Each structure stands twice: as C-alpha cells, then as structure tokens.
Amino acid sequence: TGRSLEDPDCLQWYAIERCRHMVWAAHQLDADTSGAVVFVRRRALVPIYQKRLTPPTGVKTYLAWVHGTLHADALDITAP
C-alpha cells in the first residue's frame, strides 16, 4: 500500500527484520479476506511464484471448520 521498507508498519519490513534476510512479496492471497502474503527470499523467484499462484495455474481450495451443524453436503460461498 505504498509503504516504505523503512516503515515498521510495512509487512515486508517486518518480514525482513524477522528473517534477517531480504524478502520480496510474490503474491497476496485473497487480499479482501485473509490477506495472507507469500514472500520469497530470492528476487528471481517472484515471477515464478506469481505465475504459479495466479489462475488458471494456481487453484485455491478452502477448508472450513464449522461449529454446530451444517445442513448441506456442499456449499458455495460467493462473498468474502
């Protein structure tokens, strides 16, 4: 979101500090929901991971744990 790597509120900055290595963001999974980010340690891997994690190559499968009873064998959720 336009943050600088010198900004401690930047996720990439935090990852670099924790790993003690330079890292690059390769892909953000479900930015509008979970916001999970894939980082790589070698810059050359960024386009490789981007290609593998983007449709049609990248396919996401979700697993949900439900508390209570779900009255369906299958359910399609189309909202975040």
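The values are calculated or read from the model by the stated rules, or taken from the named source; none is laboratory data. Everything numeric here is computed off the predicted structure, so don't read it as measured data. Methodologically, a virtual Cβ is constructed for each residue, glycine included, from the backbone with ideal geometry; neighbour enumeration extends over all protein chains shown. Keep in mind that these areas ignore ligands, DNA and RNA; they rest on the heavy atoms of the full protein, side chains included. Shrake-Rupley method; radii C 1.70, N 1.55, O 1.52, S 1.80 Å.
Test of understanding: among Ala74, Ala31, Ala44, Ala36, which residue is open to solvent by 50 Å² or more (accessible area, probe 1.4 Å), under 27 Å from Glu6 (Cβ atoms) and modelled with pLDDT under 90? Let's see the steps before the verdict.
Values: Ala74 fails: under 27 Å from Glu6 (Cβ atoms); Ala44 fails: modelled with pLDDT under 90; Ala36 fails: open to solvent by 50 Å² or more (accessible area, probe 1.4 Å).
Exactly one residue qualifies, and that residue is Ala31.
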Q: May I ask you to list pairs of residues, at least six apart or on different chains, whose Cβ atoms are under 7 Å apart, with the first in segment 62-80 being in contact (Cβ under 8 Å) with a residue 40 or more places away in the chain and the second being in a loop (DSSP other than H, G, I, E, B) and open to solvent by 100 Å² or more (accessible area, probe 1.4 Å)?
A: Pro80/Asp32
Q | Any chance Lys51 is at pLDDT 85 or above and either surrounded by 11 or more Cβ atoms within 10 Å (Cβ to Cβ) or assigned to a loop (DSSP other than H, G, I, E, B) (or both) | A | yes
